[in-house]
Amino acid sequence: MIKYNPKKWFSLIFQFHRSDTFRILLPSMILIGLYTAGFTYLELEVVEWRDGATTTVHSLLGIVLGLVLVFRTNSAYDRWWEGRKLWGALINETRNMAMKIQAFLPEDDLHNRQFFSKYITNYVYAMKGHLRGKINLAELELMQELPLQELEKAKHVPNIIATAIYIKCNQLYRRQLISGDQFIILDKEVKALTDIVGACERIKNTPIPYSYSLFMKKFIFIYTMTMPLGFITSFQYWTIPVVMFVFYVLVSIELIAEEIEEPFGVDSNDLPMEEMALRIKHNVREILSNTHRSLVTGH
Amino acid sequence: MIKYNPKKWFSLIFQFHRSDTFRILLPSMILIGLYTAGFTYLELEVVEWRDGATTTVHSLLGIVLGLVLVFRTNSAYDRWWEGRKLWGALINETRNMAMKIQAFLPEDDLHNRQFFSKYITNYVYAMKGHLRGKINLAELELMQELPLQELEKAKHVPNIIATAIYIKCNQLYRRQLISGDQFIILDKEVKALTDIVGACERIKNTPIPYSYSLFMKKFIFIYTMTMPLGFITSFQYWTIPVVMFVFYVLVSIELIAEEIEEPFGVDSNDLPMEEMALRIKHNVREILSNTHRSLVTGH
Amino acid sequence: MIKYNPKKWFSLIFQFHRSDTFRILLPSMILIGLYTAGFTYLELEVVEWRDGATTTVHSLLGIVLGLVLVFRTNSAYDRWWEGRKLWGALINETRNMAMKIQAFLPEDDLHNRQFFSKYITNYVYAMKGHLRGKINLAELELMQELPLQELEKAKHVPNIIATAIYIKCNQLYRRQLISGDQFIILDKEVKALTDIVGACERIKNTPIPYSYSLFMKKFIFIYTMTMPLGFITSFQYWTIPVVMFVFYVLVSIELIAEEIEEPFGVDSNDLPMEEMALRIKHNVREILSNTHRSLVTGH
Amino acid sequence: MIKYNPKKWFSLIFQFHRSDTFRILLPSMILIGLYTAGFTYLELEVVEWRDGATTTVHSLLGIVLGLVLVFRTNSAYDRWWEGRKLWGALINETRNMAMKIQAFLPEDDLHNRQFFSKYITNYVYAMKGHLRGKINLAELELMQELPLQELEKAKHVPNIIATAIYIKCNQLYRRQLISGDQFIILDKEVKALTDIVGACERIKNTPIPYSYSLFMKKFIFIYTMTMPLGFITSFQYWTIPVVMFVFYVLVSIELIAEEIEEPFGVDSNDLPMEEMALRIKHNVREILSNTHRSLVTGH
Amino acid sequence: MIKYNPKKWFSLIFQFHRSDTFRILLPSMILIGLYTAGFTYLELEVVEWRDGATTTVHSLLGIVLGLVLVFRTNSAYDRWWEGRKLWGALINETRNMAMKIQAFLPEDDLHNRQFFSKYITNYVYAMKGHLRGKINLAELELMQELPLQELEKAKHVPNIIATAIYIKCNQLYRRQLISGDQFIILDKEVKALTDIVGACERIKNTPIPYSYSLFMKKFIFIYTMTMPLGFITSFQYWTIPVVMFVFYVLVSIELIAEEIEEPFGVDSNDLPMEEMALRIKHNVREILSNTHRSLVTGH
């Protein structure tokens, strides 16, 4: 994700960033321009099939297309925002879990504190990889109980790490290092972790319905291809830039929707999962390190 | 559900898939084309009832129709997405339940692990069948306590399996194999299973209100049938493709809404329940198999 | 509620069901048609006040009216769908409660099982009657502890039945037939029952704000009455069917909104509460009958 | 809030209720009419600045204005509906709390039953007053532990009553009149009470952003003032009623939004808090009176 | 945030507040006016490239732009409102926590009451600073266990304070000053605090997707720059105010969206965090002061 200042109009207008739909669409716009130019030349200079204003149909359908596109972008944005909320929740839940572990465990139990510090962080990195289709095992810290060769064989690495965390919590409860009340509290946190990964998988694995996508593309295609027909009478050679501009606007909205509806990739609009995973790592370590605890307990 | 790459414009525009509204509507479009052709011929060559542009009404009502259709599609999409969320939640909850069972039960209790592995999976397959109106009993694994002939008589098979799971949890609690805290935790998971099946039934059994559907169809029908009247003056013989295209656009939006508002069938836009049920089966088995547990406990 | 196949276009277009807005509006449409006919005759044949196209204002306001109507229908639909969700939740919660009672109570405690089977079912029937303004006491089964003459005097029958259920749960807890953990679990279910009836009452008792409704009706009325003024110049005698059609479309959307925003009546678009109450009765009985339990416990 | 039958079109169209925007706007409409009349006279009879149709800009901006207004009304309606939901939840939660108190307390503990009956009711009346800026202490029943002179000094009366309820619950728990499980259950109810008052305060204290409101008013003002300019060419003296009608429609939508976005006042569109508070009083008393309990326990 | 009376139309129309988009946009509007004036002069007096009405394209794209802008404003408003909800929840949760602490702790435990009074208030002030990028340590009260120099080094001050609160709760539980049931209750409150700060960070750190912002600005820019081209034929010199007004309307909607989508700053539209933090301080102190408690317990 690119951080930018949305109030800097000038730079946003005149910058042509790699992910700018203007830059992406430029080749297609030129093609459309040439097509329209040929068409217009033919009609104006060679034959004159017809007269009378026919922008009516394109006006009407343009509004309908605008409506459809805006709704589509909106639901794509909802998915993007849901993905962001899920990662926000991940930051919260890992923080909460670390805070609770820190408070619940006996003060001198460094071993189990390290266990959680490591497993929570690894869970997040495994989840990031899982959503991008490829887990980079080098990002994970060594887990004594889960050797890397085991992870390599597994189909769903985050699940396995969560199960390990869950078994650890249950052990602590069985050994009475944490009470039943504390166990119920920790249970909710682990459940939250697996719910988050599940919801992210849902967003990732479900594009909008196939028929819908087919329809949108065909609608835009036919609309654009027939635009010169409707506009030449009123616009003559001005039809060329007009068609290019309308094409730019309509297809941009569709393109942006396509980009943001799957927010877990590495595009410029995708969520900054690298950065958030790193922030979680720092947060969890800061909370689980012994410093602040000693401050509070007065040691 | 068909997986596809939404960024491949070319193939999406020129492919005519079985579920493409273009292909579905082609016969009706040709009919409408013939109707308009006859109408136009009559008006232009035989009689000349009237003159003056009357696209105004169709422009105005076209926008209103567009609004109504887009909102309709939107609420159909919400149902589709809710159905997807429910199945996503099913994946999560079954995972969570398996993880908890794995952690709670004594290490050597293979019998009860198998019970849950089997019953959770059967619950999912029974639910899939229940939503499609026909449970395929061959997909279920043999359940000792619930013979198939009992299931055949039952009205609501998922309910019976859930009750069996619930009774098992209660037994474990009564026999103190799991504590009260653990029982409360498992209770939430079973409740989630029955809530999910209930919500899916709600989506399946509730089409949009009858009056609404009657109105939409009548509106679209009258609108399309009178379009030639409004367009002939400006478009002459061009009215034929224009009416066909407008018809394609408007009816497509309605058709897509109809298809996606009931997402539990076997159409191309319906949810991949087969695949998700299989994924649940694999997940639950992977988690409840003893391998990873031994890794964690160090055996 | 009428079940129908939304994909049968032909029958939906040519059927004129009792709840079809076309049939409901037919008399008003004829009136409007006569009014417009008189108006048009006057203007075209008797006087000629003015010339020049004035469809502009009706086009502009028509779109604004369309927007307002579509949003209104949408929020009415949200209420209808919320009502449906609440009854779906009622089905789920009663199921869950029955499953829990079945699992919690000692195997031979038929008396208390019958208590819950009867009281849960009666709660649902009392709620149905309460929402329709008239409880049919004949639908309720005899409740030993709550004689019918007591119910007749009560202001809020569902409340009294819920209190009785709650007191029963508390008794079971005090007598240690269910544990504290089980009591907390049952508490949530009873709370859900009263929350559902409260939410349904909210939908039933709150029409859209008075000013809003006044405005909508006045807007539609003035718009329709002035339509002939705006359309005669371009449409001459065609104004008559045009005004009738526009009237049909706009008023239909408002009518449908009015019908579905209060979904607890007995209209064709209202929720099938009879059927759902019956389904709950069957579900609760099936779950609380002893058959399947014996299967699971192996007796 | 005014209860009315939304299906009575005739009376709604021809009634001019105090809260009808038509009546409220009548003076402004006459002013606008005079302004337009003067303007039109000047342009048609005295000078003739210009010719050519210029309704284009007002058509375009009218649609944009319609969109903005409809969205604004929609979010105002959401606030109104949220306020209604909160009061609906208040009715539910107080009912639930009363039912639980009734079930939990020993049968002969009339003193504490009266405490809750009085404090819950007072909480609701204090909340009503708090939201309207003025608590009417005469509506509160005498509370032994919280003398009126104490309440008069307090900044946030509902908070103080809630704290008193909370302390009472804690006392019952400490004295083992209710168990830990029952205490957790009651805790949720008290929390719900304070959450509801907090959410109502949020709605009350937060108008839509200042810039947004400034913009809306300026947009509507400039739009209306320039309307005659755009419409005179096509409409001549008809411009006068046209401008008045468009003014009525657009400003009505804004006015309704303003009225319903703060639903806790005493306007005709505001929530019937008096009536709901009274209903809560009756419900809580009915539930906490000993009658029905004796029915259930068989005494 | 500025409090104002949204019903005072007159002052809202004629006031030019610092945050009024009219005032903000005035320089740009004058520039656009000059540009259009030059353009119009050139076209009308010097050259005459073309004739024929071409407002069609700007009408069509204007509606599409309106749709996109309105949706954008709407989602910005949703963020603003979510931010407001979060701070509302903060007010509630801190109140609840204070009420619970007040009820749970032994009556004479002033020390721990002061601890919570101080730490809760500090948490809120630290959160406010954290969201504005700069914590003003002078606003925090002295915390014995967390010396200021420690806080200065910390990356995430609210986290550290929350951890300290959590450790304190756990201590109280370990020392049996509060029971397990009470601990579970307090746990939810602390979790709520960290969830709120997390959600606020999400809103703060996530502008709308970069491509979307780039597209909006380019669309508005090209639309405005080409407006004179489309309007001169019909409007001649009137084009100048028309373009200025359309520019004002469209860019205002975008500007307002930009302002309200990040509601934690110090602009006039931003949330009144100062005031809310102060209110929390007063509430927490009022509740945790011993006065009212004594009233209830009768001392």
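In the stretch E:173-195, the qualifying residues are those that are at pLDDT 90 or above and surrounded by fewer than 22 Cβ atoms within 10 Å (Cβ to Cβ), and the one that is farthest from the other protein chains (Cβ to nearest Cβ) is E:A192. Taking the stretch A:151-183 as the range and being closer than 17 Å to E:R174 by Cβ and hydrophobic (A, V, I, L, M, F, W, C) as the test, the residues that pass are A:L172, A:L177, A:I178, A:F183. Just one of the listed residues (B:Y119, B:Y41) is on the phi < 0 side of the Ramachandran plot and under 25 Å from the mean Cα position of the chain (by Cα), namely B:Y119. The one condition from (1) out of contact with any Phe, Trp or Tyr (no Cβ under 9 Å at 6 or more places or on another chain); (2) under 28 Å from A:S234 (Cα atoms); (3) open to solvent by less than 40 Å² (accessible area, probe 1.4 Å) that E:A199 does not meet is (2).
Here C:K204, C:K218 are screened, and the one residue that is more than 30 Å from B:I160 (Cα to Cα), touching an Asp or Glu at 6+ places or on another chain (Cβ under 9 Å) and either among the β-branched types (V, I, T) or surrounded by 20 or more Cβ atoms within 10 Å (Cβ to Cβ) (or both) is C:K218.
Please tell me if C:I220 is among the aliphatic types (A, V, I, L, M) and either under 30 Å from B:F71 (Cα atoms) or facing another protein chain (nearest Cβ under 9 Å) (or both). Here the answer is yes, as C:I220 does meet what is asked. Quick one: would you say A:I240 is in contact (Cβ under 8 Å) with a residue 40 or more places away in the chain and either outside any helix (DSSP H, G or I) or within 19 Å of the chain's Cα centre (by Cα) (or both)? Considered against the rule, which asks whether it is in contact (Cβ under 8 Å) with a residue 40 or more places away in the chain and either outside any helix (DSSP H, G or I) or within 19 Å of the chain's Cα centre (by Cα) (or both), A:I240 comes out as no. Taking the criterion of being surrounded by 15 or more Cβ atoms within 10 Å (Cβ to Cβ), part of a loop (DSSP other than H, G, I, E, B) and not hydroxyl-bearing (S, T, Y), the only residue of the stretch B:18-30 that qualifies is B:D20.
Within the stretch A:261-268, does at least one residue satisfy the condition of being of a type outside the set (S, T, N, Q), crowded, with 23+ Cβ neighbours inside 10 Å and more than 9 Å from chain B (Cβ to nearest Cβ)? Yes, there is a match, as at least one residue in the stretch A:261-268 is of a type outside the set (S, T, N, Q), crowded, with 23+ Cβ neighbours inside 10 Å and more than 9 Å from chain B (Cβ to nearest Cβ). Regarding B:Y125, is this residue open to solvent by 10 Å² or more (accessible area, probe 1.4 Å) and touching a Ser or Thr at 6+ places or on another chain (Cβ under 7 Å)? The answer is no for B:Y125.
Scanning the stretch A:263-288 for residues that are of a type in the set (A, V, I, L, M) and in contact with a helix residue (DSSP H, G or I) (Cβ under 7 Å, 6 or more places away or on another chain) gives A:L271, A:M273, A:M276, A:A277, A:I280, A:V284, A:I287, A:L288. Looking at the stretch C:127-221, the helices (runs of 4 or more DSSP H) lying wholly inside it that each contain 1 or more residues that are in contact (Cβ under 8 Å) with a residue 60 or more places away in the chain and of a type in the set (A, V, I, L, M, F, W, C) sit at C:157-174, C:180-205.
Scanning the stretch C:65-118 for residues that are outside any helix (DSSP H, G or I) and either surrounded by fewer than 18 Cβ atoms within 10 Å (Cβ to Cβ) or hydroxyl-bearing (S, T, Y) (or both) yields a total of 4.
Could you tell me whether B:L271 is in contact (Cβ under 8 Å) with a residue 24 or more places away in the chain, crowded, with 19+ Cβ neighbours inside 10 Å and within 9 Å of another protein chain (Cβ to nearest Cβ)? Yes; evaluated as a whole, the condition is true for this residue. Considering only residues that are within 19 Å of D:F235 (Cβ to Cβ) and more than 9 Å from chain D (Cβ to nearest Cβ), which ones fall in the stretch C:52-82? Hits for the stretch C:52-82 are C:T55, C:H58, C:G62.
The values are calculated or read from the model by the stated rules, or taken from the named source; none is laboratory data. Nothing here was measured: the structure is a model prediction, and the numbers come from that model. We place every Cβ from the backbone using ideal geometry, glycine too, and count neighbours over all the protein chains shown. Remember, those area values only see protein heavy atoms, side chains included, never the ligands or the DNA or RNA. Shrake-Rupley method; radii C 1.70, N 1.55, O 1.52, S 1.80 Å.
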